[in-house]
Amino acid sequence: MKWRVVLELDPETNDWAVWCPELPGCVSCGETQAEAIESIQEAIALYLKPSPINLQSGAITCEVTV
């Protein structure tokens, strides 16, 4: 799956900030553009990783494709 990311150079540190507009709070950074891209790929994977949930008896889980 492809995600849009935004890279922004921090003029004070010369590091790259990177964030994914479709995933609120999914941000990362790197000293180079390549490092920032690699970091946001990891951040997106962690963001999308399902968390374990405790369900009440009788609850049903399923998956949907969008």
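Under 8 Å for C-alpha pairs, at least 6 residues apart: give me the relative contact order for the chain, rounded to a whole percent.
Numbers: 76 pairs, mean separation 13.4, N = 66.
About 20 percent, as a whole number.
Where does helix 33-48 land angle-wise versus the long Cα axis of the chain, in degrees 0 to 90, nearest 10?
Helix 33-48 and the main axis of the chain meet at about 10 degrees.
Note down the magnitude of the dipole of the chain about its Cα centre, charges +1 on Lys and Arg C-beta and -1 on Asp and Glu C-beta and zero elsewhere, to the nearest 20 debye.
Values: 3 positive and 10 negative charges, 101 e Å.
Rounded to the nearest 20 debye, it is 480 debye.
With a 10 Å radius around each residue's Cβ, average the other Cβ atoms per peptide and rank 11-23, 45-57, highest first. Each step should come with its number before you reach the end.
On the way: 11-23: 13.9, 45-57: 7.4.
With the highest mean Cβ count within 10 Å placed first, the list reads 11-23, 45-57.
Could you point to the residue in 25, 37, 48 farthest towards the positive end of the range 6-48's charge dipole, with +1 and -1 charges on the Cβ of Lys/Arg and Asp/Glu respectively?
It is 48, whose Cα lies furthest towards the positive end.
I'd like the FRET efficiency for residue 66 and residue 34, computed as 1/(1 + (r/R0)^6) with the beta carbon distance as r and R0 of 35 Å, rounded to 0.05. Don't skip to the answer; put the middle values down first.
On the way: r = 30 Å, r/R0 = 0.86.
Result of the calculation: an efficiency of 0.70.
State log₁₀ I(q)/I(0) for the chain at q = 0.12, 0.22, 0.23 Å⁻¹ as given by the Debye formula over alpha-carbon point scatterers of equal weight, solvent excluded.
Result of the Debye calculation: -0.43, -0.90, -0.95.
Apply 1/(1 + (r/R0)^6) to the Cβ-Cβ distance of residue 13 and residue 41, taking R0 = 22 Å, and write down the FRET efficiency to the nearest 0.05. Write out the running numbers ahead of the final one.
Values: r = 21 Å, r/R0 = 0.97.
That gives a FRET efficiency of 0.55.
Every number here is computed from the coordinates shown, using simple stated rules; none is lab data. Everything quoted here is computed from the prediction, not taken from an experiment. All Cβ positions, glycine included, derive from the backbone under ideal geometry; neighbour counts span all protein chains shown.
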